[in-house]
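The values are calculated or read from the model by the stated rules, or taken from the named source; none is laboratory data. Quick caveat: nothing in here was measured; it's all calculated off a predicted structure. Methodologically, a virtual Cβ is constructed for each residue, glycine included, from the backbone with ideal geometry; neighbour enumeration extends over all protein chains shown.
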Ligand SMILES: Cc1cc2nc3c(=O)[nH]c(=O)nc-3n(C[C@H](O)[C@H](O)[C@H](O)COP(=O)(O)OP(=O)(O)OC[C@H]3O[C@@H](n4cnc5c(N)ncnc54)[C@H](O)[C@@H]3O)c2cc1C
């Protein structure tokens, strides 16, 4: 668990969170129905829905709820999967593919409805998401994406070069165009996560901090989890929701994903002129580069930059230097005066098929992970899928398919390969743009 040593306290979210998750310390033995390992959005959404359904559920986190990626994210609430509806249909068949597309199109609705239903104070705004194209090839992909979602009734439209520049505040020569997806928006991710935790607790879930699951073993038809200081829990169902921080609890699981560090930078509040020039319409945005950049404004008018392309995997001054370079690329003169106030990083989990994964390696053992850096809405929705399954739904009744856990061949080589791959991807982005492909 490499990421466990990171400091979470430097994040803008940690500095401004107002939510509170009522946690306890686990001492001695507990005998209950369901244990969720991992207090991020996946685990807490599962716990909340199970507790609402009247089930006895406990959540244990090695650190605290929101400590992982969920409390460190950029806060962009994005619909869909990394694959488009027609690819879903070709991969899963007409009926299953369309059902999956409908589900994936609705995952942001789930986030905003949970916020409303549970009164979660997390600066939730349905701003719309602009995804911009850097090359001709990317623009073609966005046109196809837009057409496919329009055919399914989604509130999406294409923006030409000038409209994109006006909407984002970027120079017209930067992006060829974009699509605007009205389903997307923004949240304070740590307050959202803490809000889910508090709502789960209000419905009877118990939350334990500093309770790392060390072993997971069978005990008759039940499961036994041991933690530090002699703590242990006996349960019928276990939900493993540790995403990129996954260790060796479930054989092969940590080898089914590749963890990657992603950084975020948040500026000091923008001045009036910057505020007029940078993201004037207030959308959340990202581009389609292989090494993508994400950018949005915070609730108090700061620029939030993220993604390996925007901030790299850098730390400290190097992170701010990279952020400054990106701000100028994105916003020209307006980006020059941006001053940086917060920088931090967290781990995302990549998968080989670019899809998240839902596994049930054994009876009573449920796993959801692998959001490829786009998990706030997806993790909410998969957490709910896991809860529906435990509450009695058959695997066939789920909108998201349960798949076999498959470790990635030559996994040990994938992390170093990723570092080299990123540099190559960045060069490819530049080359395709220069060649006009
Ligand atoms: C810098 C960054 C920016 C991002 N930006 C966005 C964005 O703008 N929009 C978006 O949609 N997604 C974004 N993501 C991705 C998104 O944050 C994640 O996909 C999502 O939060 C994953 O949630 P999770 O609950 O599965 O995992 P996490 O939130 O990572 O939670 C896993 C938890 O498991 C705990 N844990 C691990 N091992 C154990 C153990 N053995 N016992 C007990 N607990 C354990 C950890 O302490 C951690 O709290 C970003 C991610 C990062 C890192």
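List of remarks:
- First in segment 291-310 and without any contact (Cβ under 8 Å) to a residue 40 or more places away in the chain, second anywhere and away from the ligand (no atom under 12 Å from the Cβ) and assigned to a strand (DSSP E or B), Cβ under 6 Å, 6 or more apart: 293/287; 303/267
- A single entry from 361, 356 fulfils the requirement of being surrounded by fewer than 23 Cβ atoms within 10 Å (Cβ to Cβ) and at pLDDT 95 or above: 361.
- Any hit, segment 346-360, residues being out of contact with any helix residue (DSSP H, G or I) (no Cβ under 8 Å at 6 or more places or on another chain) and over 29 Å from residue 113 (Cβ atoms): yes
- Matching residues in segment 386-397 - criterion: being under 12 Å from residue 366 (Cβ atoms), assigned to a loop (DSSP other than H, G, I, E, B) and at pLDDT below 90: 393
- Test: residue in segment 194-208 that is within 30 Å of residue 314 (Cα to Cα), modelled with pLDDT of 95 or more, buried (at least 20 other Cβ atoms within 10 Å of the Cβ) and within 10 Å of the ligand (Cβ to nearest atom): no
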